[in-house]
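Here the structure is laid out as structure tokens; the discussion comes afterwards.
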Amino acid sequence: MIETLIVLLPLIGAAIAGLFGRFIGDRGAQLVTCGLLGLSAILSIFVFKDVAIDGNTRVTELFTWVDSGTFEVSWAVKLDTLSAVMLLVVTVISSLIHVYSIGYMAHDKSIPRFFSYLSLFTFFMLALVTADNLVQMYFGWEGVGLASYLLIGFWYTRPSACAAAIKAFLVNRVGDAGFALGIVGTFMLFGAVGFEEIFATAPQMAGATLTFIGLEGHALTILCLLLFIGAMGKSAQIVLHTWLPDAMEGPTPVSALIHAATMVTAGVFMVARLSPMFEYAPAALEVVTVVGATTAFFAATVGLTQFDIKRVIAYSTCSQLGYMFFAAGVSAYSAAIFHLMTHAFFKALLFLGAGSVIHAMSDEQDMRRMGGIWRMIPVTYAVMWIGSLALAGIPPFAGYFSKDMILEAAYAAHSAVGSYAFWLGIAAAFMTAFYSWRLLFMTFHGSPRADAEVMAHVHESPKVMIIPLLALALGAVFAGWIAVDAFVGEGRDEFWGEAILVLASNDAIEAAHHVPGWVKILPLIMGVSGIALAWVFYVARPDLPGRVAAAARPVYLFLYNKWYFDELYDFLFVRPAFYLGRGLWRGGDGAVIDGVGPDGIAAATWDLARRIAALQTGYLYHYAFAMLIGVVGLATWYVVTLIG
């Protein structure tokens, strides 16, 4: 039952910190959540060896969750190589972020609540990656969405944080609607939601058709596209990406947790888990490839122009997720998970390193107000170099092995969408290296641009923040070459076993080992060129960025404003929704429902009471006259009745 403990320990920590935080205090909440999650990480190492290395895959059924007619869903913990890798990555990265948060959030007034949310987030992610069926996966899927809402809006007194949390929640609901429809459609087609039953039947369903919104089409293509819409929302792919940059309103450890190893990687994991379905839906895989490649390019272009240090790294995350998806789109699922793993280390390192900079700079996040601080925070400076080298794909750092394999697999696919992904990925590699070193040079080099008071307080972070940075730096340096053979090398078939299915005709990774030499060296050339250009722009000739921005102002504004997606959505969806809401409120609810209903009855009663009250004048002769009219009326009625 060790796997059950791995999943439940973070939930126990979240419950204790959340419910009893007032009794155990800040330190107690930190110790409980960090301790239990650290234990979960240690247990995950043993499970990884047992499952991924020794090959002892298993499914541990805990209880029957839903039993209604022919629909039965059990709650089970599925352990194969894919889930073992995710368990290790999620628990290790999350535990380091928990420890880092002890120092970063030391002066916050709601420490138990923060650590409770962090552990709850981790629990939902662990529930997702160990799911044995689509409904259980959907539980974890919605859970990380809920926890992200709580964490992004953690500082709820800030209107911007509340708006960002709501935006993340709503945008993810769009994707989740597609995911839910995909689950329902899968049950309709397969008569089951369990992975084992679905995967066993998938080959027989390769030619099946399905009617959706009145149109009949290839069943697996329709289902995979619906499921992929869910992945697009959770993993911030283009069109459903707008929530990701705004998520930076949360505390920096939240940014690291969401962007490195948990929420945004859920979509990549889901596509890899459902590879037995996607392999028989080639049109869906082409869509995945195009969306991923477009996202990688789009996010890289936007990252070139941002000035908030966390937003630059956020768009980098969006771009790297695009790489993972187009890897999955050309059936290089193991390369996608390989990049997910290496990315988790260097991206968490970059976010937490940025948090260390913000901590040193008295909460300043604008890189235009930084500079000249590398000697004051040398450890942070060193780890940011390591993270940036890994992100840019410079050997021997981790990103080099995984990113290059993705690009080689895209080229080796020898398809139109594969070529599209390869060349956009090459362009994104150049831009990634450029904006990574733009961040480094603007933040650490040049003349100080901050106020003298801020510069006087620049200092290195405490050890409780530095130790997690050093641990992540080790992963950013060594994770790639340690895992490359097992993940995408000669040992990959034995390592992955049956966790991932790739049809023999789609094996892009095997073909990637035989691509021309220029394909292998081109990403490195792009990375080095991007670094060199950043040095020219921000060290040798710091006047050039302003001159280039002025000369190409329309392009600069287009990129700086993030391709105007937010403005477009505001025009197409937000404003019409507000207009409709106000119209229904004023015209429907206010005028009709309230006007005829509660307000109408109240107004009529008030008017009648006012008229009756007007008869009470207080003059005796008025009352006598009224009595006389009454007598005359009664007499008249009597005479008329008698005559009649």
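The values are calculated or read from the model by the stated rules, or taken from the named source; none is laboratory data. Nothing here was measured: the structure is a model prediction, and the numbers come from that model. All Cβ positions, glycine included, derive from the backbone under ideal geometry; neighbour counts span all protein chains shown. These area figures cover heavy atoms from the full protein model, side chains too; ligands, DNA and RNA do not enter into them. Shrake-Rupley method; radii C 1.70, N 1.55, O 1.52, S 1.80 Å.
Let's see if you can work this out: charge +1 on each Lys and Arg Cβ, -1 on each Asp and Glu Cβ, no other charges. What is the dipole magnitude of segment 261-375 about its Cα centre, in debye to the nearest 20?
On the way: 7 positive and 6 negative charges, 53 e Å.
The dipole magnitude comes to about 260 debye.
Let me spell out the model: positive unit charges on the Cβ of Lys and Arg, negative unit charges on the Cβ of Asp and Glu, origin at the Cα centre of the chain. What dipole size does that give, in debye rounded to 20?
Details: 33 positive and 43 negative charges, 430 e Å.
Charge dipole of the chain: 2060 debye, to the nearest 20.
To the nearest µm²/s, what D does Stokes-Einstein give for segment 342-403 at 37 °C and 0.692 mPa s, using the Kirkwood radius over alpha carbon pairs as Rh?
Numbers: Rh = 12.1 Å.
Rounded, D is 271 µm²/s.
Share of Cα-Cα pairs in segment 365-485 beyond 20 Å, in percent?
That fraction is 55 percent.
If you take the beta carbon distance between Ala552 and Phe46 as r and set R0 to 60 Å, what does 1/(1 + (r/R0)^6) give as a FRET efficiency, to the nearest 0.05? Present the calculation step by step, with values, prior to reporting the outcome.
Numbers: r = 55 Å, r/R0 = 0.92.
So, using R0 = 60 Å, E works out to roughly 0.65.
Enter the angle in degrees (range 0 to 90, nearest 10) between the Cα long axis of helix 378-391 and the first principal axis of the Cα atoms of the chain, meaning the one along which they spread out most.
The angle comes out at about 90 degrees.
Taking the Kirkwood radius as the inverse of the mean 1/r across Cα pairs, report the Rg/Rh of segment 66-225. Show your work: numbers first, answer last.
Details: Rg = 19.2 Å, Rh = 18.1 Å.
Dividing the radius of gyration by the Kirkwood radius yields 1.06.
Can you give me the convex hull volume of the Cα atoms of the chain, divided per residue and expressed in Å³? Don't jump to the answer; show the numbers that get you there.
On the way: hull volume 169.5 nm³, N = 644.
So the per-residue hull volume is 263 Å³.
Lys310: which lysines have alpha carbons under 30 Å from its alpha carbon, excluding same-chain residues fewer than 8 sequence positions away?
Cross-link targets: Lys109, Lys167, Lys234, Lys347, Lys403, Lys463, Lys562.
How many percent of the alpha carbon pairs in segment 295-335 exceed a separation of 11 Å? Before the final figure, lay out the partial values.
On the way: 478 of 820 pairs.
Here the tail beyond 11 Å accounts for 58 percent of pairs.
Let me know the longest stretch in the chain that avoids all trypsin sites (Lys or Arg not before Pro) found in a DSSP loop with at most 13 other C-beta atoms within 10 Å. Write down the numbers at each step before the final one.
On the way: sites that count: Lys109, Arg375.
Maximal segment without exposed cleavage sites: 376-644.
For helix 517-535, report the angle its Cα long axis makes with the longest principal axis of the Cα atoms of the chain; keep it between 0 and 90° and round to the nearest 10°.
In the chain, helix 517-535 runs at an angle near 70 degrees to the longest axis.
Would you work out the charge dipole size for segment 214-321 about its Cα centre, treating the Cβ of every Lys and Arg as +1 and the Cβ of every Asp and Glu as -1, and quote it to the nearest 20 debye? Show your work: numbers first, answer last.
On the way: 4 positive and 6 negative charges, 44 e Å.
The calculation lands at about 220 debye.
With viscosity set to 0.890 mPa s and temperature to 25 °C, compute the Stokes-Einstein D of segment 515-562, Rh being the Kirkwood radius across alpha carbon pairs; µm²/s, no decimals. Mind showing how you got there, number by number?
On the way: Rh = 12.7 Å.
Calculated translational D: 193 µm²/s.
Taking 0.36 nm per residue of sequence separation and subtracting the Cα-Cα distance, how much length would be gained by fully extending the chain between Val640 and Ile166, in nm to one decimal?
Numbers: separation 474, 0.36 × 474 = 170.64 nm, distance 7.42 nm.
My answer for the length gained is 163.2 nm.
To test your reading of the geometry: what angle, between 0 and 90 degrees and rounded to tens, separates the Cα axis of helix 620-643 from the longest principal axis of the chain?
Helix 620-643 sits roughly 70 degrees off the main axis of the chain.
Got a sec? Charge dipole of the chain, +1 on Cβ for Lys and Arg, -1 for Asp and Glu; which of His259, Gly207, Phe139 is way out at the positive end?
Of the options given, the answer is His259.
Kirkwood hydrodynamic radius, computed over distinct alpha-carbon pairs, for segment 432-540: how many Å, to one decimal?
On the way: mean 1/r = 0.0542 Å⁻¹.
Radius from the Kirkwood sum: 18.4 Å.
Tell me, what % of the accessible area of the chain is carbon and sulfur with a 1.4 angstrom probe? Each step should come with its number before you reach the end.
Numbers: 18510 of 26930 Å².
Carbon with sulfur: 69 percent of the solvent-accessible area.
Put +1 on the Cβ of each Lys and Arg and -1 on the Cβ of each Asp and Glu in the chain; which of Gly425, Leu189, Tyr569 then has its Cα farthest toward the positive end of the dipole?
Among Gly425, Leu189, Tyr569, the one farthest towards the positive end of the dipole of the chain is Tyr569.
With a/c under 1.5 counting as rounded, go ahead and sort segment 484-594 into rounded, prolate or oblate using the C-alpha gyration tensor (a ≥ b ≥ c being the square roots of the eigenvalues; past the cut-off, prolate if a/b is larger than b/c, else oblate).
Details: a/c = 4.44, a/b = 1.43, b/c = 3.11.
It is oblate, given that a/c is not under 1.5 and a/b is not larger than b/c.
Within 10 Å, at most 15 other Cβ atoms, and a DSSP state outside H, G, I, E, B define an exposed site. Report the longest part of the chain free of exposed GluC sites (Glu not before Pro). Walk me through the intermediate numbers first.
Working: sites that count: Glu490, Glu498.
Here the longest run is 1-489.
Return the calculated 222 nm mean residue ellipticity for the chain, to the nearest 500 deg cm²/dmol, obtained by summing -39500 (n - 2.57) across DSSP H runs with n ≥ 4 and dividing by the residue count.
Working: 28 runs with 450 residues, N = 644.
For the chain, the value works out to -23000 deg cm²/dmol.
Viscosity 0.692 mPa s, temperature 37 °C: Stokes-Einstein D of segment 1-97 from its Kirkwood Cα radius, in µm² per second? If you can, show how the numbers build up before the last one.
Working: Rh = 14.7 Å.
D = 224 µm²/s.
For segment 152-270, report the accessible area per residue in Å² (1.4 Å probe, heavy atoms, rounded to an integer). Spell out each step's value before the answer.
Values: 3880 Å² over 119 residues.
About 33 Å² of surface per residue is accessible.
Can you compute 3J(HN,Hα) from phi for each residue in segment 145-157, using the Karplus curve 6.51 cos²θ - 1.76 cosθ + 1.60 with θ = phi - 60°, rounded to whole Hz and x for Gly and Pro?
x, 5, 5, 5, 4, 5, 7, 5, x, 4, 8, 6, 6
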